[in-house]
Amino acid sequence: MRTEDFSARAHRVIPGGAHTYSKGDDVLPADAPQAFVRGKGARVWTLDGRELVDWGMGINSVLIGHAEDEIDDAAVAALRDGQNFSRPSPLEVDLAEAAVALFDGMDMVKFAKNGSDANDAAIRLARAVTGRTLIAYDEEAPFLSIHDWFIGNTVMNAGVPEAVAGLARGFRFNDLGSVEALFNEHGPRLAAVILEPCRDVRPRPGFLEGVRALCDRNGTVLIFDEMVTGFRYSLNGAASFLGVRPDLMTVGKGMANGYALSALLGTRSYMDRGGIHHAHPRCFLLSTTHGAERSALAAGLAAIRLHRRERVVERLASVGRRLIAGIDACAKRHGVQEYVSAASDFACRPVLKCCGPDKVPSAEYRTLFIQEMLRRGVFMPWICPSFRHGDAELDRTLEALDGTCSVYARAIDAGAVVGLLEGRPGKPVFRKYN
Ligand SMILES: Cc1ncc(COP(=O)(O)O)c(C=O)c1O
């Protein structure tokens, strides 16, 4: 199939042309590859046969590498014995035991296929246990769920009743005062606080501890969304080194190296409400046809084995450290260090920042950066280090950065991307109109 036919075909049958908005044409440079047909390790291949170094890594889900033989072999072996039965398979218990063993204080687990459903289940459980309706969430989080409580509070809220959106109240990460204000106003009505325990910025001393204390004082359930941090910052979750334990937590993304698998974990006293050994009203806790798909469970078990044996998390941090240093050095060489950076408090999660001449993050300059990296064989819409990013991938990336920073410097000097950026700038996913 010719590349130019693909996008038209995709948009005819798929709204937005892709099943995930952040993979869409509109968010990337106009001449970005329209599709990837294959991946191996830290490389992907485009429809027209180009090989690229990949830093997107399945929207941060492929932390080990594309098409990792050991994981795929385990998944294939499981699916050859049947993908789905009408009674549990031992794989469910094997992975459940392995998962609760990873996360301190978590006694029970339920599996799902995506993070949004796991977060939603955590919220429903918190509401069932507390008998309350309101939830408090980190309104600065780029994304927490596809469901109404989160989407209803974005600008892209068409179709979400105000009454539902209004049940979620925002606070700001690292701003304990903003959490206290919510508790002062709504304390006895708050069922849960949900947040990522950290992103690229370390929690301020006392922030998470303060949130924990507010929850304890008010009988509110604390939920950590470890969709990105779990299996990446630590195999045992970020909570393991941040020193604050949630009541419920969710993981997904890197749990099974790209296979569709997520989980809600929690203390027995809460999770038991989803079971059959209590006298309370029954709580419908994550019961989906495909929740325990056998290939994904086998992939999850194989991924945990590989993580332990190869110390994957350490590798992610060392790849990230080299890349952050490389980007910094290259930007300095070209005099654009105040405009291009990848600094982060956590090396495993470098954060690509592309600013315009006013030193404020700019969609135009970001699109130019991604465009120039692509032209030099590197796909870097954001930065997700994986176990399979080796010296060859890092070297090729640094070489591409050199050329990219040279173009970037010209655009900064010129005060505009005109004549350098092909087509329109990428748009944010969350916008009111197209
Ligand atoms: C922090 C966080 N929570 C939840 C989600 C939702 O996960 P999913 O896309 O698997 O539904 C995401 C997805 O990007 C995320 O980054």
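The single residue among Ala302, Ala343, Ala296 that is not assigned by TED's automatic domain parsing to the domain that holds Lys253 and not acidic (Asp, Glu) turns out to be Ala343. The numbered conditions (1) within 18 Å of Gly252 (Cα to Cα); (2) in the same structural domain as Phe369 (by TED's automatic domain parsing) are all true for Ala75 except (2). Among residues of segment 220-240 that are closer than 19 Å to Ala192 by Cβ, those with a beta-carbon under 8 Å from a residue that is within 14 Å of the ligand (Cβ to nearest atom) and aromatic (Phe, Trp, Tyr) at least six positions away or on a different chain give the pairs Gly237/Phe224; Ala238/Phe224; Ala239/Phe224.
A Cβ distance below 8 Å, combined with a sequence gap of six or more or placement on separate chains, defines the contacts here; from segment 57-74, residues that are at positive phi reach residues that are in a helix (DSSP H, G or I) in the pairs Ile59/Ser22; Ile59/Lys23; Ile59/Lys253; Asn60/Lys253; Asn60/Gly254.
Is it true that some residue in segment 279-286 is outside any helix (DSSP H, G or I), assigned by TED's automatic domain parsing to the domain that holds Thr397 and surrounded by 19 or more Cβ atoms within 10 Å (Cβ to Cβ)? The answer is no, given that none of the residues of segment 279-286 is outside any helix (DSSP H, G or I), assigned by TED's automatic domain parsing to the domain that holds Thr397 and surrounded by 19 or more Cβ atoms within 10 Å (Cβ to Cβ).
Please verify whether segment 27-50 includes one or more residues that are within 22 Å of Gly230 (Cβ to Cβ) and surrounded by fewer than 18 Cβ atoms within 10 Å (Cβ to Cβ). No: segment 27-50 contains no residue that is within 22 Å of Gly230 (Cβ to Cβ) and surrounded by fewer than 18 Cβ atoms within 10 Å (Cβ to Cβ).
Within the set Ala118, Ala126, Ala112, the sole residue that is of a type in the set (A, V, I, L, M, F, W, C), within 20 Å of the chain's Cα centre (by Cα) and under 19 Å from Pro246 (Cα atoms) turns out to be Ala118. Taking Val13, is it in the same structural domain as Ser240 (by TED's automatic domain parsing) and out of contact with any helix residue (DSSP H, G or I) (no Cβ under 6 Å at 6 or more places or on another chain)? Answer is no for this residue. Only a single item in (1) without any contact (Cβ under 8 Å) to a residue 60 or more places away in the chain; (2) acidic (Asp, Glu); (3) in the same structural domain as Pro385 (by TED's automatic domain parsing); (4) loosely packed, with under 14 Cβ neighbours inside 10 Å is not met by Glu97, and it is number (3).
None of Ala118, Ala141, Ala122 is of a type in the set (Gly, Ala, Ser), surrounded by fewer than 20 Cβ atoms within 10 Å (Cβ to Cβ) and within 16 Å of the ligand (Cβ to nearest atom) except Ala141. Does at least one position in segment 239-260 carry a residue that is in contact with a Cys (Cβ under 8 Å, 6 or more places away or on another chain) and at pLDDT 95 or above? Checked against the condition, which is being in contact with a Cys (Cβ under 8 Å, 6 or more places away or on another chain) and at pLDDT 95 or above, segment 239-260 yields at least one hit.
Residues in segment 175-207 that are within 16 Å of the ligand (Cβ to nearest atom) and not β-branched (Val, Ile, Thr): Ala192, Leu195, Glu196, Pro197, Cys198, Arg199, Asp200, Pro203.
Restricting the search to segment 150-159, which residues are away from the ligand (no atom under 12 Å from the Cβ) and buried (at least 20 other Cβ atoms within 10 Å of the Cβ)?
From segment 150-159, those away from the ligand (no atom under 12 Å from the Cβ) are 152-159; that's our starting set.
Selection gives Gly152 alone.
Among the residues of segment 3-57, those that are hydroxyl-bearing (Ser, Thr, Tyr) and over 14 Å from Leu374 (Cβ atoms) comprise Ser7, Thr20, Tyr21, Ser22.
Can you confirm whether Gly177 is in contact with a helix residue (DSSP H, G or I) (Cβ under 7 Å, 6 or more places away or on another chain) and outside any loop (DSSP other than H, G, I, E, B)? Considered against the rule, which asks whether it is in contact with a helix residue (DSSP H, G or I) (Cβ under 7 Å, 6 or more places away or on another chain) and outside any loop (DSSP other than H, G, I, E, B), Gly177 comes out as no. Taken as a whole, the structure leaves Glu185 outside the set of residues that are in contact (Cβ under 8 Å) with a residue 24 or more places away in the chain, out of contact with any Leu (no Cβ under 6 Å at 6 or more places or on another chain), surrounded by fewer than 19 Cβ atoms within 10 Å (Cβ to Cβ) and closer than 20 Å to Ile123 by Cβ. When Asp69, Asp54, Asp25 are checked against the criterion of being more than 22 Å from the chain's Cα centre (by Cα) and of a type in the set (Asp, Glu), a single residue qualifies: Asp69. On inspection, Gly16 does not qualify as crowded, with 19+ Cβ neighbours inside 10 Å, part of a helix (DSSP H, G or I) and within 16 Å of the ligand (Cβ to nearest atom).
In segment 103-130, the residues that are in the same structural domain as Leu195 (by TED's automatic domain parsing) and of a type in the set (Ser, Thr, Tyr) form Cβ pairs under 9 Å with partners that are in a strand (DSSP E or B) and more than 16 Å from the ligand (Cβ to nearest atom), at six or more places apart or across chains, as follows: Thr130/Leu190; Thr130/Ala191; Thr130/Val221. The number of residues in segment 251-269 that are within 14 Å of the ligand (Cβ to nearest atom) and under 14 Å from Val100 (Cβ atoms) comes to 4. Gln337 satisfies every condition listed in (1) outside any loop (DSSP other than H, G, I, E, B); (2) over 21 Å from the mean Cα position of the chain (by Cα); (3) polar (S, T, N, Q) except (1).
The values are calculated or read from the model by the stated rules, or taken from the named source; none is laboratory data. Quick caveat: nothing in here was measured; it's all calculated off a predicted structure. Note that each Cβ is placed from the backbone with ideal geometry, even for glycine, and that neighbours are counted across all protein chains shown.
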